[in-house]
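Take a look at the structure set out below.
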Amino acid sequence: MIKENFLTKTLTKSVLSRRSFLKWSAALGGTAALAGGINYGLKAVQAAAEDAGTTGKWVMAACWHNCGGRCANQAYVVDGVVTKQKTDDTHPDSPDYPQQRGCARGKSQRHQVFGADRLKYPMKRANWQPGTGGDRSLRGKDTWVRISWDEALTLVANETKRIVQSYGNKAILNSNRLLNAYGGGVPTWGQISCGAWPEPNALMAGNLSGANDRLDYRNTKLLVLWGSNPIWSSGGDPTYNYLQAKKAGAKIIVVTPQYNETAQGLADEWIPVRPSTDAALLIGMAYYMITNNLQDQDFLDKYTIGFDSTHLPAGVYYKDNFRDYVLGTYDGVPKTPEWAAEICGTNPDTIRKFAMEIATTKPMIFSSSWAPGRTALGSQMCQAFLTVGWMTGNFGISGGGVVNIGHAGASYGGASLVTGGGTGVKGIANQFGSYSIAHNDLTRKDVFCIVWDEQWDAVLNGGFMLPGYGKQTVDIHMIWNIGDGSGGNNMNQCPDITKGIKAFRKVEFVVSNDIVLSSKSKYADIVLPVTTPWEKEGGGLASMGGGEALLFYSQVTEPLYEAKDENWINRELAKKLDLDPEVIDPISLKQQAFNSLAGSKVIKADASGYEPLLTITEDDIAKWGVTGKPQAGRISLVDFQAQGVYQVPRAPGDKFTYINGKAFRDDPIKNPVKTASGKLEIYCQALSDQIKLYGWTTLPPIPQYNRPLQGVEDTYTDWEKKIKGPYPLQLLTTHYPRRSHSVFDNILQLRRAFPQEMWINTLDAEERGIKTGDTVLITSRWGKVLRPAYVTDRILPGVVDLGEGAWVQMDEATGIDLAGATNTLSGTTPTDCGVQPWNTNNAQVEKWNGEQLQPDYTWPQRIPIKEA
Ligand SMILES: Nc1nc2c(c(=O)[nH]1)N[C@H]1C(S)=C(S)[C@@H](COP(=O)(O)OP(=O)(O)OC[C@H]3O[C@@H](n4cnc5c(=O)[nH]c(N)nc54)[C@H](O)[C@@H]3O)O[C@H]1N2
Ligand SMILES: Nc1nc2c(c(=O)[nH]1)N[C@H]1C(S)=C(S)[C@@H](COP(=O)(O)OP(=O)(O)OC[C@H]3O[C@@H](n4cnc5c(=O)[nH]c(N)nc54)[C@H](O)[C@@H]3O)O[C@H]1N2
Ligand SMILES: [Mo]
């Protein structure tokens, strides 16, 4: 499949001039053996290096992707190439003082950095023309032409100038530091990750929905992990920390639509629930608690508002309280476990037993991940979850907690014990501002940005909705996918890839920087190859272990091929755009790394404050070749660099032990929660107002279950009579161990270890004549994908699951994505405060009678093919 590719030329022209490559080339029998890439087999390179008697060295290396872990990743470097990897062995492992161990992805990093499919040169699309874009329909299927950096940057600068002069900065979608200085581009935003959680966390709980210290988890009797799968999706130590709680006697319950790896490997009990129906399950539990008087009424009375008619905020109609909604006092619908079961699918007896258990086991940790909030009307899940948790009174106490935890899972909980300093580089603001994923102030006047669900419609049709300000128009002519670091992959990771491809093919110019031809780059006109953190001068710092440890990673190898760092790209583009390069790129990477080191702080032994982490001498400064002042700290810079990790020693009961919300629990008058009322708000007017202000959906101030768009009800044409519709299944898109989002999906070893398969229940499979391994067609209202099936009883009937992040491989003739990128199936229906409801979707699955898919580890890699 792979014809002549750039790689052959790479090795003969530029890279082979380097000493080490010459050596391997000789050892491997000349360039022919290398035609498959320098990772033609890293094993071969390794063998060659060993044969040649070369000795390498271990260095601490970066693992920079968005999985939530920042684990210790060490690389064995032989002449600039990494031949093997290992993880944290900087100190012996123990539960109190754990190693920061990496996963299969981190340990595959060398296959990414040295992969045959690395972007090697600046390239332009063969049929691209400045001014018009040439034949734009060829984006994504054109051939590529290698060009020089000077040509590439001149073309990018000229197109940017032309588009800004012709249409203004609002004609550019996305921005970065450099473009911000040139007037900016229209930013995109959304609650892509934490779902609906930030607003309920802020407005109901005053952001006191965090976790206790990991060591305190050992004091709990019951740990509920709602919508969580840390074994797959909490990189680093969280699962290990949960395991310590279990060893200390905690019972663990997992509540998810699938019997996931965590339910299997860690939990004592699994409680199944249909996706997007958690609010119903929780309200059914509340009914059992209330009717059996199991709620912690003293806690509710003292610390919360809105639970019953006598504890409502002033002016609120007495009927609008949670208790009466649950009992059905005024609407005539008691929210019994049977009522809940019809929606959420959980057995009513299980609901009762579960409610009894959480209400009567103290202390208990009631913890949810973000996944159940990444749903349509997701806030109602968050409202119900916090409320039912608070009904048990497990707040602000040792061994307890009502917790929403992101992808870090159980870790430190409190403020970081050791932190890196700043780089010294000041940000350059975009004139269009942006909403962030967190709780936003919608009265700001300086914002013009597009929610991710509406970006492709905005490009195609010119319209989108700006929260707080209503319908807006925009006329986009260019997509700016040059990021300052991992800039995101808007083509692959945003809703509706089919529409995304049309949008990319509409504009006059698309530019991208990247390390591989990821989906956003494949559909670009010009791609700029960037260095990975393994190739960057000076190295850098990463916070690990929930802020208990700091990692220093070194430069592993010289920049590969013609890859350049983002700072250099910004600087050179600045010159061509008549901007001052010193403003754009004021501090060298090495100086930036040094500044962060010098500013690193560690908590004092008595926990009274922070002190400098590093002792730095004149000699160090001279060796680094940077400017700086000597300073005294806890350990020497040289030791830190050699060790790669500084971790604060911990032991149960130490001075750093953190209990979330303790001050409020101890004295609610003196230490009110940062909410409108100063209490935990079961009735939260601010939340309801905020959701309404965003403009997409509405929810009442108290937790209720309301029917979401594309929820379980919409799998039926008639929900009352239970007549199934054209999309009779619910589709989950979980975070999958093969990848960090789209990153690593190109690694063949990971493809082989974790196949991109669709989970389907045995009953649903039998009905369709599907067996494990069969190719199936998955269809949603938004698109179609092909994938092999995994038939299992580990997922609820009526639910299917596909891991998110596979690199879309659109078959243009049929419109079917062969790779199974879940965003071919996810639609553009923003909800709540700008949430992308990934886990609320309907699908149909059928056996595919066409050609069966070959395993994707046998597919050709995305290596740019030279123009014919
Ligand atoms: N390997 C890997 N790890 C990752 C990432 C990755 O891409 N790969 N990404 C990282 C990032 S950025 C994030 S945000 C986190 C996400 O981490 P989480 O928010 O925890 O999301 P998931 O891991 O997708 O889902 C966790 C579990 O929730 C269940 N679930 C899904 N929908 C629902 C629902 O409606 N109700 C209930 N009760 N359960 C539901 C799923 O079946 C799954 O078992 O993962 C991080 N970790
Ligand atoms: N259907 C569905 N979609 C989802 C989700 C879901 O659950 N379901 N989850 C959502 C979540 S939680 C998140 S956080 C988002 C993540 O969405 P994104 O942040 O958009 O996804 P990534 O794949 O991490 O994008 C990283 C990009 O940076 C590039 N890159 C990697 N290393 C470097 C580097 O060193 N320098 C530069 N310049 N580029 C680099 C990669 O090639 C890739 O294109 O996805 C969301 N999308
Ligand atoms: Mo995320």
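The numbers here are math on the coordinates, done by the rules we state, and not lab data. Model, not experiment: these values are computed from the prediction. Counting neighbours? That spans all protein chains shown, and the Cβs are built from the backbone with ideal geometry, glycine included.
Mind listing the long-range amide H neighbours of residue 271? Cut-off is under 5 Å, sequence gap 5 or more, other chains count too, H placed in the peptide plane at 1.01 Å from N.
HN-HN under 5 Å from residue 271: 254, 255, 256.
Cut-off under 17 Å on the C-alpha distance; same-chain residues fewer than 8 positions from residue 721 excluded. Which aspartates and glutamates are left, in chain and number order?
Partners within reach: 338, 342, 713.
For the chain, what does the helix formula give at 222 nm: sum of -39500 (n - 2.57) over DSSP H segments with n ≥ 4, over the residue count, nearest 500 deg cm²/dmol?
Rounded to the nearest 500, the figure is -7000 deg cm²/dmol.
How many Lys pairs in the range 246-377 lie less than 17 angstrom apart by Cα atoms, where the lysines are 8 or more positions apart or on different chains?
6
List the residues whose amide H sits under 5 Å from the amide H of residue 799, counting only those 5 or more places along or on another chain, with H placed 1.01 Å from N in the peptide plane.
730, 761
State the Cα centre-to-centre distance between the range 318-370 and the range 491-537 in whole Å.
46 Å
Highest mean first, what order results for 611-617, 857-863, 516-522, 393-399 on Cβ atoms within 10 Å?
516-522, 393-399, 611-617, 857-863
Just order 821-832, 499-510, 422-433, 707-718 by mean Cβ neighbour count inside 10 Å, highest at the front, would you?
821-832, 499-510, 707-718, 422-433
From the cross-link list 426/590; 124/170; 120/520; 86/141; 604/629; 161/536, which pairs have alpha carbons spaced over 28 Å apart?
Table pairs above 28 Å Cα-Cα are 86/141; 161/536.
Karplus couplings for the range 606-612 from phi (6.51 cos²θ - 1.76 cosθ + 1.60, θ = phi - 60°), rounded to Hz, Gly and Pro as x?
Each residue of the range 606-612 in turn: 8, 6, 7, x, 10, 10, x Hz.
In whole Hz and in residue order, list the ³J(HN,Hα) couplings for the range 568-574 that follow from phi through the Karplus curve 6.51 cos²θ - 1.76 cosθ + 1.60, θ = phi - 60°; x for Gly and Pro.
5, 4, 4, 4, 5, 5, 4
Determine the percent antiparallel among the DSSP beta bridges restricted to the chain, to the nearest 5.
Of all bridge pairs located within the chain, approximately 55 percent are antiparallel.
If you count the DSSP beta bridges with both ends in the range 712-858, what percent of them are antiparallel, to the nearest 5?
Here the share of antiparallel DSSP bridges comes out near 70 percent.
Note down the relative contact order for the range 712-858 as a percent, whole number, built from C-alpha pairs under 8 angstrom at least six residues apart.
Computed value for the range 712-858: 30 percent relative contact order.
What's the ranking of 761-773, 583-595, 193-205, 160-172 by average number of surrounding C-beta atoms within 10 Å, highest first?
193-205, 583-595, 160-172, 761-773
Shape call for the range 659-701 from the C-alpha gyration tensor, a ≥ b ≥ c root eigenvalues: rounded (a/c under 1.5), prolate (a/b greater than b/c) or oblate?
In terms of gyration-tensor shape, prolate.
On the Cα set of the chain, report Rg and Dmax in Å, please.
For the chain, the Cα radius of gyration and maximum Cα-Cα distance read 27.4, 85 Å.
Dipole size in debye (nearest 20) for the chain around its Cα centre, Lys and Arg Cβ +1, Asp and Glu Cβ -1?
For this selection, approximately 1300 debye.
Could you list which residues have their amide H under 5 Å from that of residue 599, counting only those 5 or more apart in sequence or on another chain, with H placed in the peptide plane?
421
Determine the sum of side-chain charges near residue 76: Lys and Arg each +1, Asp and Glu each -1, restricted to other residues whose C-beta is under 10 angstrom from that of residue 76.
Around residue 76, the charge tally is +4.
How tilted is helix 348-360 with respect to the longest principal axis of the chain? Cα atoms for both, answer in degrees (0 to 90, nearest 10).
In the chain, helix 348-360 runs at an angle near 90 degrees to the longest axis.
Counting alpha carbon pairs within less than 8 Å and at least 6 residues apart, what relative contact order, in whole percent, applies to the chain?
18 percent
Note the angle between two axes, namely the Cα long axis of helix 589-598 and the longest principal axis of the Cα atoms of the chain, as a number of degrees from 0 to 90, rounded to the nearest 10.
Helix 589-598 and the main axis of the chain meet at about 40 degrees.
Relative contact order (percent) for the range 516-651, with alpha-carbon contacts under 8 angstrom and 6 or more residues of separation?
Once divided by the residue count of the range 516-651, the mean separation gives 21 percent.
What is the Cα centroid distance between the range 619-667 and the range 175-204, reported in whole angstrom?
Cα centroid to Cα centroid, the span is 30 Å.
Name the aspartates and glutamates eligible as straight-distance cross-link partners of residue 771: C-alpha to C-alpha under 18 Å, and not fewer than 8 places from it in the same chain.
Hits, sequence-local ones excluded: 757, 793, 801, 846, 851.
Obtain the radius of gyration and the Kirkwood radius of the range 712-858 from its C-alpha atoms and give Rg over Rh.
Rg divided by Rh gives 0.96.
Tell me, what HN-Hα J-couplings in whole Hz come from the Karplus equation 6.51 cos²θ - 1.76 cosθ + 1.60 at θ = phi - 60° for each residue of the range 258-269, using x for Gly and Pro?
After applying 6.51 cos²θ - 1.76 cosθ + 1.60, I find 9, 7, 7, 4, 6, 4, 6, x, 10, 8, 8, 8 Hz.
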